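Trainee: Got a structure for you, questions after.
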Amino acid sequence: MSERAGIMIPTIEASPEEIYDIELEHSLLEANGKLAVANRALLDRHGVTAVDFMGAIGSGKTTLITKLVEKLKSKIGVAVFNGDATTSDDADGIARQNVPIVQIATVNGCHLDANLVGKALGKIDLEELRLIFIENIGNLICPAEFPLGSKARVVVISVTEGPWMVRKHPHMFLGAQIVVINKVDLAAAMEISIENLTRDVHTLKPDIQVIPTSTRTGAGLDEFAAALLAI
Amino acid sequence: MNSPQPCSPSKTMHEFSIAAALVESVQAFAEKERAARVIEVRLTIGEFTHIEHEQLRFCFQSITTGTLLENATLEIDTSDAAVRCPHCAYTGPPKYWDGALAGTLVPTLQCPECGKSAEPAEGHECAIKAVKFTRENDPEYEAA
């Protein structure tokens with residue numbers, strides 16, 4: 001209180017704390033984004049194309065990659081990065097194909113990121129390669145925000161996952177160039193319409209190439225291999 | 001980075017990665033600014049990203065304990081999506097899809113004008129826009 005002209009006037013003392021409000025522009029996705037650009041530049045310098053496979057657990061990513069490696073390895077140099085979260089079983093299966101393979105174990109167990117892929121790129125000889133398959137972790141929720149440096153993204157869904165996979169995970173398809181609808185040999189038994197799934201994909205992005213496949217009958221695998229070579 | 005909490009891997013991990021990057025960045029900023037306590041962090045998240053706000057809040061809350069961000073409010077603004085069409089030169093708001101089972105309308109990459117594939121032009125960001133914090137009066141700092 002202070003006294004002025006005989007009247008007591010309350011004074012406000014500065015609080016021992018001052019509040020500051022500072023504007024920033026700090027992207028939380030930029031660090032990974034920059035590493036992805038660096039990975040891509042390294043791959044481009046060596047004329048190597050990386051393709052990133054996303055899809056739920058059990059959609060058939062590993063089997064598809066194994067079949068494609070089988071088809072392509074006599075024609076071009078291929079390698080596989082496998083991001084299985086917990087085991088090396090997937091990696092062991094592909095290892096029988098006798099092509100370079102790097103197992104990427106993520107600590108968080110959620111998705112691959114550009115940093116991990118960058119480290120994997122340091123472990124193989126890029127000179128002999130033309131195509132790298134990057135198998136992301138079986139998770140349709142996470143990886144959309146974390147580009148890896150690949151030239152194209154493949155999203156694998158399978159008819160056994162039901163009719164609503166595209167409607168449930170629409171964001172995952174926005175960044176994809178190719179969508180594989182796998183296990184089509186079971187479509188009738190599952191009462192799944194490939195046309196409806198395809199229409200859902202094209203509602204999100206009309207120019208996505210949709211390829212129905214079956215690793216059991218071999219349907220669509222030649223078309224898939226050709227699409228990958230055309231990237 | 002702090003060691004990850006056992007979030008449910010099916011749902012929260014993606015938001016967890018982002019929350020971890022967020023807390024790490026703001027903590028470093030607050031230390032540099034000699035902040036006593038962070039009161040509020042403002043984020044902008046684009047409509048084209050697939051970041052679930054409530055899960056991000058949950059992860060944010062669970063990893064800020066013991067940091068300068070403890071009890072800080074997380075304000076999240078959404079930035080609108082926009083697309084650019086290479087076929088018909090349309091630029092503007094995207095076509096939304098009400099068929100998605102995502103609880104909200106989902107922005108698509110189908111050009112609202114010509115129906116061909118458009119490219120995302122805006123709405124991909126996830127960025128810290130402002131940090132509100134307190135600083136104890138520090139004559140040394142003022143002089144500097």
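Trainee: Could you tell me whether any residue of region A:45-59 is over 22 Å from residue A:224 (Cα atoms) and out of contact with any strand residue (DSSP E or B) (no Cβ under 7 Å at 6 or more places or on another chain)? Lay out the reasoning, then the answer.
Mentor: Here is the first cut: in region A:45-59, the residues over 22 Å from residue A:224 (Cα atoms) are A:45-46.
This time we only want the ones that are out of contact with any strand residue (DSSP E or B) (no Cβ under 7 Å at 6 or more places or on another chain), so: A:45-46.
The answer is yes, given that some residue of region A:45-59 is over 22 Å from residue A:224 (Cα atoms) and out of contact with any strand residue (DSSP E or B) (no Cβ under 7 Å at 6 or more places or on another chain).
Trainee: If residue A:170 meets every condition in (1) within 14 Å of another protein chain (Cβ to nearest Cβ); (2) touching a residue at least 60 places away in the same chain (Cβ under 8 Å) apart from one, which number is that one?
Mentor: (2)
Trainee: Could you tell me whether any residue of region A:30-47 is modelled with pLDDT under 90 and either aliphatic (A, V, I, L, M) or touching a Gly at 6+ places or on another chain (Cβ under 8 Å) (or both)?
Mentor: Within region A:30-47, one or more residues are modelled with pLDDT under 90 and either aliphatic (A, V, I, L, M) or touching a Gly at 6+ places or on another chain (Cβ under 8 Å) (or both).
Trainee: Sticking with this one: Look through region A:139-164, keep the residues that are surrounded by 19 or more Cβ atoms within 10 Å (Cβ to Cβ) and at the interface with chain B (Cβ under 10 Å from one of its Cβ atoms), and return whichever of them is modelled with the highest pLDDT. Walk me through how you get there before you give the answer.
Mentor: Let us first name the residues in region A:139-164 that are surrounded by 19 or more Cβ atoms within 10 Å (Cβ to Cβ), namely A:139-150, A:153-159, A:161.
Filter once more, so that each one left must be at the interface with chain B (Cβ under 10 Å from one of its Cβ atoms): A:139-146.
Values: A:139: 70, A:140: 66, A:141: 62, A:142: 60, A:143: 61, A:144: 64, A:145: 72, A:146: 80.
Looking at residues that are surrounded by 19 or more Cβ atoms within 10 Å (Cβ to Cβ) and at the interface with chain B (Cβ under 10 Å from one of its Cβ atoms), I get A:146.
Trainee: Would a scan of region A:114-131 turn up a residue that is at pLDDT 80 or above, of a type in the set (S, T, N, Q) and closer than 18 Å to residue A:72 by Cβ?
Mentor: Of the residues in region A:114-131, the ones at pLDDT 80 or above are A:114-131.
In the following step, the residues that additionally are of a type in the set (S, T, N, Q) were identified as A:115.
Still in the list and also closer than 18 Å to residue A:72 by Cβ: none.
Checking region A:114-131: not a single residue is at pLDDT 80 or above, of a type in the set (S, T, N, Q) and closer than 18 Å to residue A:72 by Cβ.
Trainee: With the requirement that a residue be surrounded by fewer than 15 Cβ atoms within 10 Å (Cβ to Cβ), under 26 Å from residue B:95 (Cβ atoms) and out of contact with any helix residue (DSSP H, G or I) (no Cβ under 7 Å at 6 or more places or on another chain), what does region A:186-208 give you?
Mentor: Across region A:186-208, the qualifying residues are A:193, A:195, A:196, A:199, A:207.
Trainee: Among the numbered criteria (1) within 10 Å of chain A (Cβ to nearest Cβ); (2) without any contact (Cβ under 8 Å) to a residue 12 or more places away in the chain; (3) among the hydrophobic types (A, V, I, L, M, F, W, C), which one does residue B:89 miss?
Mentor: Residue B:89 satisfies every listed condition except (1).
Trainee: Filter region A:101-112 down to the residues that are of a type outside the set (S, T, N, Q) and assigned to a loop (DSSP other than H, G, I, E, B), then identify the one that is modelled with the highest pLDDT. Reasoning before the result, please.
Mentor: So in region A:101-112, the residues of a type outside the set (S, T, N, Q) come out as A:101-102, A:104-105, A:107, A:109-112.
Filter once more, keeping what is assigned to a loop (DSSP other than H, G, I, E, B): A:104-105, A:107, A:109-112.
Numbers: A:104: 86, A:105: 78, A:107: 63, A:109: 56, A:110: 66, A:111: 73, A:112: 83.
Here the answer is A:104.
Trainee: Continuing with this model, one more query. Scan region B:53-68 for residues that are without any contact (Cβ under 8 Å) to a residue 40 or more places away in the chain and either crowded, with 17+ Cβ neighbours inside 10 Å or part of a loop (DSSP other than H, G, I, E, B) (or both) and jot them down.
Mentor: Residues satisfying the conditions are B:65, B:66.
Trainee: Then there's this: Given the criteria in a helix (DSSP H, G or I) and either modelled with pLDDT of 95 or more or more than 19 Å from residue B:100 (Cβ to Cβ) (or both), does residue A:219 qualify? Please lay out each step first, then the result.
Mentor: Working: in a helix (DSSP H, G or I): no; either modelled with pLDDT of 95 or more or more than 19 Å from residue B:100 (Cβ to Cβ) (or both): yes.
The answer is no for residue A:219.
Trainee: Would you confirm whether or not region A:65-86 contains a residue that is in a helix (DSSP H, G or I) and at pLDDT below 90? Full working, then the answer.
Mentor: Just the residues of region A:65-86 that are in a helix (DSSP H, G or I), to begin with: A:65-72.
With at pLDDT below 90 added as a condition, the list becomes none.
Within region A:65-86, not a single residue is in a helix (DSSP H, G or I) and at pLDDT below 90.
Okay, residues lined up against (1) farther than 15 Å from residue B:129 by Cβ; (2) in a loop (DSSP other than H, G, I, E, B); (3) modelled with pLDDT of 95 or more; (4) in the same structural domain as residue B:131 (by TED's automatic domain parsing):
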position	(1), (2), (3), (4)
B:5	yes, yes, no, no
B:8	yes, yes, no, no
B:11	yes, yes, no, no
B:16	yes, no, no, no
B:19	yes, no, no, no
B:26	no, no, yes, no
B:42	no, no, yes, yes
B:45	no, no, no, yes
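Trainee: Going through region A:200-216 one residue at a time, which ones are within 12 Å of another protein chain (Cβ to nearest Cβ) and part of a loop (DSSP other than H, G, I, E, B)? It would help to see each step written out before you state the result.
Mentor: Keep residues of region A:200-216 that are within 12 Å of another protein chain (Cβ to nearest Cβ), which gives A:200-209.
Result: A:205, A:206, A:207, A:208.
Trainee: If a residue must be at the interface with chain A (Cβ under 10 Å from one of its Cβ atoms) and not in a loop (DSSP other than H, G, I, E, B), how many such residues does region B:92-114 contain?
Mentor: Summing the residues that are at the interface with chain A (Cβ under 10 Å from one of its Cβ atoms) and not in a loop (DSSP other than H, G, I, E, B) in region B:92-114 gives 4.
Trainee: Applying the selection to region B:115-124, what residues are assigned to a loop (DSSP other than H, G, I, E, B) and at the interface with another protein chain (Cβ under 10 Å from one of its Cβ atoms)? Walk me through it before giving the result.
Mentor: Step one: of region B:115-124, the residues assigned to a loop (DSSP other than H, G, I, E, B) are B:115-116, B:118, B:123-124.
Once the filter is applied, which keeps residues that are assigned to a loop (DSSP other than H, G, I, E, B) and at the interface with another protein chain (Cβ under 10 Å from one of its Cβ atoms), region B:115-124 yields B:115, B:116, B:118, B:124.
Trainee: If you go through region A:24-57, how many residues are closer than 29 Å to residue B:20 by Cα, in contact (Cβ under 8 Å) with a residue 12 or more places away in the chain and not in a helix (DSSP H, G or I)?
Mentor: Qualifying residue count for the region: 9.
Trainee: Okay, moving on. Could you list all residues from region A:67-83 that are free of Cβ contacts under 8 Å to residues at least 40 places away in the same chain and either of a type outside the set (Lys, Arg) or in contact with a helix residue (DSSP H, G or I) (Cβ under 7 Å, 6 or more places away or on another chain) (or both)?
Mentor: Across region A:67-83, the qualifying residues are A:70, A:74.
The values are calculated or read from the model by the stated rules, or taken from the named source; none is laboratory data. Since the structure is predicted, the reported quantities are computational estimates derived from the model, not experimental observations. Note that each Cβ is placed from the backbone with ideal geometry, even for glycine, and that neighbours are counted across all protein chains shown.
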